[in-house]
2 protein chains.
Amino acid sequence: MINKNSPIPIYYQLEEKIKNQIDQGDLKPGDMLPSEREYANTYAISRMTVRQAITKLVNDGYVYRKKGTGTFVSEKKIEQPLQGLTSFTEDMKARGMTPGNRLVHFKVVPATSSVANYLKIQENDPVYEIQRVRLADNVPMALETSYLPEKLVPGVTKEIMQSSLYEYIEAALGKKIKEATQIIESSTANQNEVELLQVRKSSPILLIERHTYLEDGTPVEFVKSAYRADRYRFMINMKR
Amino acid sequence: MINKNSPIPIYYQLEEKIKNQIDQGDLKPGDMLPSEREYANTYAISRMTVRQAITKLVNDGYVYRKKGTGTFVSEKKIEQPLQGLTSFTEDMKARGMTPGNRLVHFKVVPATSSVANYLKIQENDPVYEIQRVRLADNVPMALETSYLPEKLVPGVTKEIMQSSLYEYIEAALGKKIKEATQIIESSTANQNEVELLQVRKSSPILLIERHTYLEDGTPVEFVKSAYRADRYRFMINMKR
DNA sequence: GAGTGGTCTAGACCACCCC
DNA sequence: GGGTGGTCTAGACCACTCC
């Protein structure tokens, strides 16, 4: 089950193996895992390698350790939020809906002072400004306006925005996206949102502002989204 | 600087040391850290111990590794959200405001089916129901209703709720809080909220529902909060 | 006392990056 | 080629838990 000659690291093989056993119910919530020394003996690997695998599972919330006692499978949560930073597309798919887009505009404009500030570029530096209505099962779900610095992310096209922007940044440009900070506010629909989202005047709206960063901390994207409150709830998990 | 005879783990001492150097500007964003081997030689410790310290800093976003090149200090983010799960009190302090409370009611009631479902207990099992107006600089900020299973968290008093519930659970009851799932929605103020939060009818409200879990995954708290949208924005950081 | 996780060592070989 | 991080070993001693 563990291939020591594989180019896939041993700790990762073991991690996936245990994760599968949990997902498939071979290891149930509350069950104690074999001890680290037992795994080490079973697969003839070092205990440090076993620990590397289990530490990852602990960080991801699959299992927890009790000093002097053992390692146990965690209970499942009532509602399972998405893990980590996801795109609208991934988010909607996870909610069992079909994502769609309607492009409102796509242009290169000089950065306003506030956009320049968020993207840490000079005022009037060129930025892509892309506004889209995001659809779920063909019903408007959110109005999204994205800003991307042209120097950092050149060659963005409508087609790329239709498929996966993050994949383009990571695969085609070779830049790794690390994280995003999101600011979430409650508001009511303005005239523009009333029209594009097809909601009544003053309907509740969930405003989400996203600042996305590369691995070295460079801002790569600034997005303002207005979600219909009647169709969207934001769900996250936070560790203590 | 590193004390090998201290009961404080070496990796933790090194982690704090590097963190301090970053906070105090001795290591600036973009700077390369000394290599792992260099740290190991300098402090006469094993490279694996150095890696344990740096891995933690990577996970917390302070530094990032580049294969074959080195480890570097991350850029600071534009707006720094709180790290991890925090209480209202901690949150307000971090925002530079003075937190306060006004108790609306404190009672033990039989769990409704929805509360029982969230807390994974039987319907009609006794639960604490605590409703408070949360103040920031003496102005109403949120209306918060908490439910706690009496069997799991016995001995809760008004005084404990005034100080720190999480500390009581962790210190007095010896249970570790692991994480919380939060569901965030946009809404408008109902009559009760209009009165207690002193806002106009139909003002935008940020609804936050929090499900808190212990280390083994047992639900320990269920909280519904209504925040004034004019005074509160929710900020989080998500890793890819 | 036996078993568990927590910490730590002193090496090793690899792939990758830069010169 | 020399330096870097990524992976891995085969031990060790500790504190803690449970019986």
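Any read-out appearing in this document is the output of simple, stated calculations on the displayed coordinates, not a laboratory observation. If you're wondering where the values come from, they're calculated on a predicted model, not measured in any experiment. Using ideal geometry, Cβ is built from the backbone for each residue, glycine included, and neighbour counts are taken over all protein chains shown.
Please give the helix B:10-23 orientation as an angle from the longest Cα principal axis of chain B, in degrees from 0 to 90, rounded to the nearest 10.
80 degrees
Would you kindly compute the Cα radius of gyration of segment B:88-228 and its largest Cα-Cα separation (Dmax), both in Å?
Considering segment B:88-228 through its Cα atoms, Rg and Dmax are 15.0, 44 Å.
Using a Gaussian network model of chain B whose springs link C-alpha atoms within less than 10 Å, name the residue from B:E79, B:E193, B:E129 with the highest mean-square fluctuation.
B:E79
What number does the protein assembly as shown give for Rg over Rh if you use C-alpha atoms and the Kirkwood radius?
For the protein assembly as shown, the value is 0.97.
Between the DSSP loop rule and a limit of at most 14 other Cβ atoms within 10 Å, which trypsin sites (Lys or Arg not before Pro) in segment A:1-73 are left?
On the way: sites: A:K4, A:K17, A:K19, A:R37, A:R47, A:R51, A:K56, A:R65, A:K66, A:K67; in loops: A:K4, A:K67.
The qualifying sites are A:K4, A:K67.
For chain A, what is the mean residue ellipticity at 222 nm derived from helices alone (per DSSP H run of n ≥ 4: -39500 (n - 2.57); sum divided by total residues; nearest 500 deg cm²/dmol)? Provide the component values of the computation, followed by the final result.
Values: 7 runs with 61 residues, N = 240.
Value at 222 nm, helices only: -7000 deg cm²/dmol.
How large is the convex hull of the C-alpha atoms of segment B:1-135 per residue, in Å³? Intermediate results must be reported in sequence, preceding the final value.
Working: hull volume 28.6 nm³, N = 135.
Cα-based convex hull of segment B:1-135, divided per residue, equals 212 Å³.
Taking a cut-off of 34 Å, what percent of all Cα-Cα pairs in chain B are separated by more than that?
On the way: 9829 of 28680 pairs.
Roughly 34 percent, rounded to a whole number.
Where the only charges are on Cβ atoms (+1 Lys, Arg; -1 Asp, Glu), what is the dipole of the protein assembly as shown about its Cα centre, to the nearest 20 debye?
Details: 68 positive and 60 negative charges, 120 e Å.
Roughly 580 debye, rounded to the nearest 20.
Here is the link list: A:K28/B:K56; A:K239/B:K56; A:K4/B:K56. Which ones come out longer than 19 Å on Cα distance? Write out the running numbers ahead of the final one.
Values: A:K28/B:K56 29 Å; A:K239/B:K56 15 Å; A:K4/B:K56 27 Å.
Exceeds cut-off: A:K28/B:K56; A:K4/B:K56.
For a footprinting-style exposure proxy, rank A:S6, B:S146 by other Cβ within 10 Å, fewest first. Working shown, then result.
Numbers: A:S6 10, B:S146 21.
The most exposed by this proxy come first: A:S6, B:S146.
Between helix B:47-59 and chain B, what is the angle of the helix's C-alpha long axis to the longest principal axis, kept within 0 to 90° and rounded to the nearest 10?
40 degrees
Which whole number gives the average count of other chain Cβ atoms within 10 Å of the Cβ atoms across peptide A:211-217? It would help to have the intermediate numbers written out before the result.
Values: counts 4, 2, 7, 3, 7, 8, 10.
Mean shielding by partner chains, rounded to a whole number: 6.
Using only the Cα atoms of segment B:10-73, what semi-axes does the equivalent ellipsoid have when each is the square root of 5 times a gyration tensor eigenvalue? Give whole Å, largest first.
Numbers: eigenvalues 53, 36, 24 Å².
Working through the eigenvalues yields semi-axes of 16, 13, 11 Å.
Leaving out same-chain residues fewer than 8 places away, which lysines sit with a Cα under 23 Å from that of B:K158?
B:K93, B:K107, B:K175, B:K176, B:K224
Between the alpha-carbon centers of segment B:122-174 and segment A:129-202, tell me the distance in whole angstrom.
39 Å
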